[in-house]
Amino acid sequence: MNFLLEFFEELDELVYISDQETYEIIYMNRLLRESLGYTHEKEYLGKKCHQVLQGIESPCFFCTNAALEPGQMISWTYKNPVLNKRYLIKDSMFEHEGRKYRIEIAIDIDGEVVRKTPYYYARIESILSKCFQQVFTTTDPEQSLEKVLAYIGKAFSCDRVYVFELNGSAVSNTYEWCAEGVSHQKDILQNIPVQSVQWMFDLMEEGQIVTISDLESIRVPHPAAYAIFKPQDIHSLGQGPIWDEGKVVGFLGVDNPNEETVSLIPPLFKVLGYFVTTLLRRRDLLRKLNALSFQDSLTGAYNRNAMFEHSASLGKKGHVGVVYCDITGLKQTNDTMGHNAGDELIRYGYRLIAGVMETPWVYRSGGDEFVAVVEDVSEEEFQSQVDRLRQAAKEGHRPVAIGHAYCAEGICDLEELILRADENMYENKREYYKENGRHAVTSRHDFQREESDQGLSTICPALGTVDSLFYQFLRTTYHDMEFLFRSISQQNTASYFYFGDMQKDLFYISDNMRDEFGFESNVVPGLFQAWGDRIPQEKAREIYFKELKSLLQEKREVHDLRYQVKDRDGRHIWIRCYGILKWNEDKTRPLFFSGRITHQDTAFVVDPVTNFPRESAFFSRLDRAKAEGEKLRTIGFAFNHIAEINSTRGRSFSDHLISTITGELNHRLSDRVAFYRLEGMRCAAVIDPRCQESPWQLAGEIRQVITEGYRLMGISVRTPSSFALMDYPQGPLMPADFLEQLVSLCRVAKQDTSHMLVEYSDVSIQKMRHMSNMALALSRDVLQGMVNFRIVVQPVVSTYTGEAIGGEVLLRWNFEGKDVSPAIFVPMLEKEKIIHLVGRWVFEQAVCTCMRLVAYRPDFYLTFNVSLHQMEDDTFLDFMRDTLEKYQVSGEHLVAEMTESSMDEQPEKLYHFVEACEKMGIRMALDDFGSGYSSLRMLLQYPSAIIKLDRSLLGEMIESEKKSDFISSIVYACHRFGKKVCMEGVETEEQNGLIQEAGCDMIQGYYYHRPMEVDSLYGLLAQEQKNQEKSAPEPVEM
């Protein structure tokens, strides 16, 4: 009931609520308390309504309690003997927690103002009464709000009634009612920057109601608001604040109200705002309660309840992908770093998945497990998202196991897909570790032994019975188990042995295992944990514990895993651990576990593609250097654009490319450096201490070989490789830490192309962290609805008048409070394969902005850039058509810009795209004309209405008169072919004069305007329009 009391508290009418059965007053609003002289609720609570309000001891003979019904009001007039005034009384009732309550509103009809304008206040009273009834006709606050809006719309005879709500720095239309024949506007009034209507909010914060009788009156003083309202065919409007906790959180508005009702807007909207506030609070409370039952409170992901609830509708149309992720290492994190760190690890996992996967359906299905369901997605696009997720997890240096499954056609069984994705997660983990020289963990289910290990599989059942031949032999012969154990392990550096009691968690290890790995005794309590502590790499350690947990949960009998451990001297040694586990008869208790650990031979550490030794050999070289006090200079380098080559040429092609290059590197430099294959497409070159050449010279040779290899294979990219330099030993860094830092430096080098070789420093490491954070934030912002993105527009002016007649839409992205250069974030978008989502958003913003710009200049146009990615998107043209229809914008106000290179790349797709654009009325512009070698052919071959001359031509015009004449001839030729010409990059008065002499139609450049915020562009057009009106000749009277 609290929301109801809050609503009535500030009303300018008298209100009280009483218990219908006992007549006891439970509430009075502020105005009634003050009128009766009460200062505290204790003075009236529990008193009878007839005693307090009528001054009598028994119930009123005219009491309406018996006639009251929920949702209806009884109206009557009465002169109150206590207050000595006549009031219009409105009675109703409602139920709360099983009891019935009377609510009464009294409106003073003896007041001077009321007596002079009885219709005015009677109409207000009627509207408030009806709105009050609508609030309580349903328990759904959103339905109530829609009914309130509908009644207001009819009462004011207006075109539209709406609610806008604040959300951070934007305001959105969340509810609307439209009169018959009036188009809905809500969808095109989303995420409007608050600064566009800030002046309205400022007025409402002062308690004022905004009324505009003629929209043209705000055209110049408030151009952004005018541009927003004008396309909706608004002539007049009224808007009042919606308050919450003393702040304006939105507004209620009406468009084009009947002139007779305009005077009612100020007093009514001050009260109606409380109606809306009440309903929005109820809505938010219900949403919060719903979220608590279907959302995980720690991460914000949906929970298992939601997954079960949604499973009936998800995946019923086919083309569904499921990703299953396991955030490994949670228990260890909780045990070693505390539960706060564990919670942060879980939150990180959710942010990672939600930031990459293009779906709202992300569920926390268990303590450390997440499921993401992607609907209506092609298998290729789904696989692309999974690849990006794996890469993001890798770059985040957090242990995340990822599996996926896809259903192409028919009705998809979501539960089956999740099980398949779960299995794939373990399969993927196995493949990963095989590639890195280790045996993978097994699946969750039936353990399938490798063919070479069938012997152990057959031995395992025999050890489970006392009637076996082995036990018969022991019972009939003398034996000494200790001597047997010592004979196997003595003087043996290739194998270590262990066995133990699983129930007591007590193990016995061989002497060599005790000595070489620093155990104090052969008897080791908690061997599993003690051995895990000797695994240096976090990811491998987590896999190890996960495998042991799986071994017990799935009641398996065989353990087999490859990984690195540290010996007593801190050296990292590759080992393979075998073990067999004995269970009791019903497999409810593990009894005995024994096995052996073997040194891994070196054959598996050579990478088959590069023929370089892998990480284990690299670690050994670093260990040896540290032990001998030797300083090693190491060049880390990466092969760039391999992902793109894989997608366009195939993996076998890229493998051949890498193999050819690394063969040449070995041939040329193996006498001076030792090469190693690292993770991904990265390698290390350890410089021989005797080498006389500098790291910069060696890096130059390596770069030359790689560049030449790309060229010979027909791969044309700007930076085929990137390089980093580190020295070892490097402070306290262990080999694994050193490798991690070297890989990070390679990432920095790939982004920072200004340096041939990026050296290890605090600055470079900070850059790496910044770039990793930027990449994650970029994907998250795109997938969360283009958060922190905006467009700006650089105006294009008429050469003849200097006035803005068009503009080029440019994309901006803000990260950590600063705008990031498109040269940095656009390649990242392309790499993450989400550039198509951004391109769609930019087009929609261009259309929406154009809709508002034409309110000032009907012939204004905007240009937007089109990439090859968009032309390759088969659905982009349909999206363009739908967007134009949504905003009711003609294509003639839009121009698609394409560069020479993109036009010549895929001519068939280009022709199809151009033809479709022409049907929509969208013109084409050829950008950067003159920057290539085939410009004249382009001019003749491809249809384009506007030619944008490259800024490089400006310098040539200034250099010589002949070149200026040549460019003038290009402009002449364009005009002969019926094309308009725009010169880009004009920054000085001299350049401006030359362009005007050359006959260009339009100019774009800093000399006139820099790229500006959209609101500033509205202001520019408003001012230009005002100047035109001032300079227009006065009409001559005849």
Exercise. Taking Cα centroids, how far is the stretch 560-595 from the stretch 713-766 in Å?
Worked result: 37 Å
Exercise. When only DSSP loop residues count, what trypsin sites (Lys or Arg not before Pro) in the stretch 13-89 have their Cβ near at most 14 other Cβ atoms within 10 Å?
Worked result: 47
Problem set entry | Cleavage-rule hits (GluC sites (Glu not before Pro)) in the stretch 965-1021: DSSP loop, at most 15 neighbouring Cβ within 10 angstrom | 987
Exercise. Amide H to amide H, which residues 5 or more places from residue 250 or on other chains are under 5 Å from it, using H placed in the peptide plane?
Worked result: 166, 242
For this session: May I ask you to evaluate 6.51 cos²θ - 1.76 cosθ + 1.60, the Karplus curve with θ = phi - 60°, for each residue of the stretch 788-793 and list the ³J(HN,Hα) values in order in whole Hz, giving x for glycine and proline?
Result: 6, 9, 7, 10, 10, 10
Seminar exercise, completed: Karplus ³J(HN,Hα) for the stretch 204-221 (6.51 cos²θ - 1.76 cosθ + 1.60, θ = phi - 60°; Hz, whole; x = Gly/Pro) runs 5, 4, 7, x, 8, 9, 7, 10, 10, 7, 9, 4, 4, 5, 9, 4, 8, x
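I want the local charge near residue 920. Using Cβ-Cβ distances under 13 Å, sum +1 for each Lys or Arg and -1 for each Asp or Glu among the other residues.
Spelling it out: positives minus negatives among the neighbours equals -3.
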Exercise. So, in nm, how far is label residue 875 from label residue 890 when the simple model puts each one 7 Å beyond its Cα toward the Cβ?
Worked result: 3.1 nm
For this session: For the stretch 21-84, go through all pairs of different Cα atoms, get the mean of 1/r, take its inverse, and jot down that Kirkwood value in Å.
Result: 13.2 Å
For this session: Quick one: plug the Kirkwood hydrodynamic radius of the stretch 741-781 (C-alpha pairs) into Stokes-Einstein at 4 °C, 1.567 mPa s, and report D in µm²/s.
Result: 124 µm²/s
Problem set entry | Cα-based convex hull volume of the stretch 785-1026 per residue, rounded to whole Å³ | 135 Å³
Exercise. Which parts of the stretch 256-278 would a label at residue 213 reach, counting a residue when its backbone N lies under 17 Å from a point 7 Å out along Cα-to-Cβ?
Worked result: 256-267
Exercise. R0 = 45 Å: FRET efficiency of residue 656 with residue 915, Cβ-based, nearest 0.05?
Worked result: 0.70
Problem set entry | Full-stretch length increase - residue 624, residue 198 - with 0.36 nm per residue and alpha-carbon distance subtracted | 146.6 nm
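So between residue 308 and residue 990, what do we pick up on full extension, going 0.36 nm a residue minus the alpha carbon distance?
238.5 nm
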Exercise. How many angstrom separate the Cα center of the stretch 372-422 from the Cα center of the stretch 27-72?
Worked result: 64 Å
Exercise. How high is the FRET efficiency between residue 19 and residue 288 when r is their beta carbon distance and R₀ equals 30 Å, given to the nearest 0.05?
Worked result: 0.50
For this session: Can you grab the distance from the C-alpha centre of the stretch 226-273 to the C-alpha centre of the stretch 831-906, Å, no decimals?
Result: 34 Å
Exercise. With a sphere of radius 12 Å drawn around the Cβ of residue 290, what net charge do the other residues whose Cβ falls strictly inside it have (Lys, Arg +1; Asp, Glu -1)?
Worked result: +1
Exercise. In units of 2.2 N^0.38 Å, what is the alpha-carbon radius of gyration of the stretch 1-116?
Worked result: 1.02
Problem set entry | Difference of contour (0.36 nm per residue) and Cα-Cα distance, residue 670 to residue 180 | 168.3 nm
Seminar exercise, completed: Two pseudo-spin positions, 7 Å from Cα along C-beta at residue 830 and at residue 97, lie apart in nanometres by 6.5 nm
For this session: Stick to Cα atoms and the Kirkwood definition of Rh, then tell me Rg/Rh for the stretch 351-411.
Result: 0.96
Problem set entry | Estimated FRET transfer efficiency when R0 is 51 angstrom, pair residue 945-residue 30 (beta carbons, to 0.05) | 0.15
For this session: State, to one decimal in nm, how far the label point of residue 754 lies from the label point of residue 587, with both points 7 Å from Cα in the Cβ direction.
Result: 6.3 nm
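No value in this document is a laboratory result; all are computed from the given coordinates. It should be emphasised that the depicted structure is a prediction, and the values quoted were computed from it without experimental measurement. Note: ideal-geometry Cβ built from the backbone for every residue, glycine included; neighbour counts use all protein chains shown.
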